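Have a look at the structure below, then the notes.
Only the coordinates and a few stated rules stand behind these numbers; no lab work does. Quick caveat, the model's predicted, so the values are computed rather than measured. All Cβ positions, glycine included, derive from the backbone under ideal geometry; neighbour counts span all protein chains shown.
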């Protein structure tokens, strides 16, 4: 039988426990104080170098209180991204952003340990340190012009074709890379196939001189001489800027220097301008996009040289409805493409609503080609290329032209597929049948012919019956396979074929 403790024994027991707890309370308090929900507030800066030698200075502006937090990410002082679904998982603050990146932050002494997650299997780690919030101050607002229609420049009667430096070289682009690309575009036969533009993307800018003129950095010692080199090979030179003070890479943009920059580009011999929203989003709202782009469109119209005008605004504010009025020849309808099936197919198969706004001189742009960069199979790259041709999309190769395989060259130089993209009628293709495994797209061509693409979105072979009623054709049709480069025969009511995994049958039907 257990003994009942006396009052004296019970008091002695409690005093010991209280004495022990008195030592634990400070430790518990410290533990709560170290909880990231109470000590990650503030402004933090992280510097990392990414693919293509692009330096990213990333700021985290965090407001935390009572186990919750909110804030934004500012990259290179140019792009500001709001936290998506911010929450704590243990001692880590977790959130996503619109650049398809997820962040995991935890306090480590006087620093924040940051993990950036790209997709499923790719991540990067770095430390962020506390800095004054003044470092992230947005540029001042400058009044934009009232809306007006910029007259069409008469360029890009068919979708522009060429090469762009960004997808493969990123910030590693320089004068030698561009000259080599121009040479290879000619020697490979791609120039003869229609690829005429050599476009320098971000990271060429070197600031402004004493008179405010934009100058190139040390990687591009003489932009006029480079343009002359490109022109001597029968090609055209493209360049890149932003309506904000900084490009996405943190280099000098055209903010408050639109007319001056347009005239400088013309004096260099530039033929194409890609104009990326970037830091402008820290100054202007989405309903001011048109006015901001119109400002440069007007400047190009008066610069004394014909320059193709390409808007890069990620499809915001339904750009396809007003892009031509801003003086543009093409406009991005989507965020940045990635070199994988998921990104490419998500972008390419979701362009239906933009179709009525595409045509000669003004094109929807689902972003540059990833063909040959290694993230997809050759079958998937054929699908990528075929889909862009059906969309009447600009064809801007983004690979290393000097190291491309024979298969990559074969895809990029398929003249029969390119003829679909460059058809002078300029009508964008649309889907006429879609299910979980097969999509059938049709594009009306000049003289009444039709391009038909049968896409297999699964990972197994599919047998497909093409019913002529589905594609609105009557009578006997001659069918040619544009990848096999073979006439398949004449068919009256339907056509049956097999399509490989993630592959396409690209056909031309004529009566």
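Values as computed for the structure displayed
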read-out: In degrees, nearest ten, helix 223-232 long axis to first principal axis of the chain (Cα); value: 30
read-out: Semi-axis lengths, Å, region 193-312, gyration tensor of Cα atoms, sqrt of 5 times eigenvalues; value: 23, 16, 13
read-out: With Cα atoms, 0 to 90° folded angle of helix 175-187 axis to the chain main axis; value: 40
read-out: Burial ranking of peptide ranges 156-165, 283-292, 135-144 (average Cβ count within 10 Å, highest at the top); value: 156-165, 283-292, 135-144
read-out: Estimated 222 nm signal from helices in the chain, with DSSP H stretches of n ≥ 4 weighted -39500 (n - 2.57), rounded to 500; value: -7000 deg cm²/dmol
read-out: Per-peptide average of other Cβ atoms within 10 Å, ordering 219-228, 234-243, 416-425 highest first; value: 234-243, 416-425, 219-228
read-out: For region 431-510, convex hull of alpha carbons as volume per residue, Å³; value: 80
read-out: Rel. contact order, % - alpha carbon contacts under 8 angstrom, at least six apart, region 431-510; value: 35
read-out: Rounded Å value of the spacing that divides the Cα centres of region 198-239 and region 460-511; value: 46
read-out: Semi-axis lengths, Å, the chain, gyration tensor of Cα atoms, sqrt of 5 times eigenvalues; value: 50, 33, 20
read-out: Relative contact order computed over the chain (Cα-Cα under 8 Å; 6+ residues apart), in percent; value: 10
read-out: Relative contact order computed over region 198-255 (Cα-Cα under 8 Å; 6+ residues apart), in percent; value: 38
read-out: Label-point gap, in nm, between residue 498 and residue 410 - each point 7 angstrom along Cα→Cβ; value: 1.9
read-out: Folded to 0 to 90 degrees: helix 289-301 orientation relative to the chain principal axis, Cα; value: 40
read-out: Förster-model FRET efficiency, 30 Å R0, residue 210 and residue 302, C-beta, rounded to 0.05; value: 0.80
read-out: Cα gyration tensor shape for region 340-467, rounded if a/c is under 1.5, else prolate or oblate; value: oblate
read-out: Cα gyration tensor, region 161-426 - rounded (a/c under 1.5), prolate or oblate; value: oblate
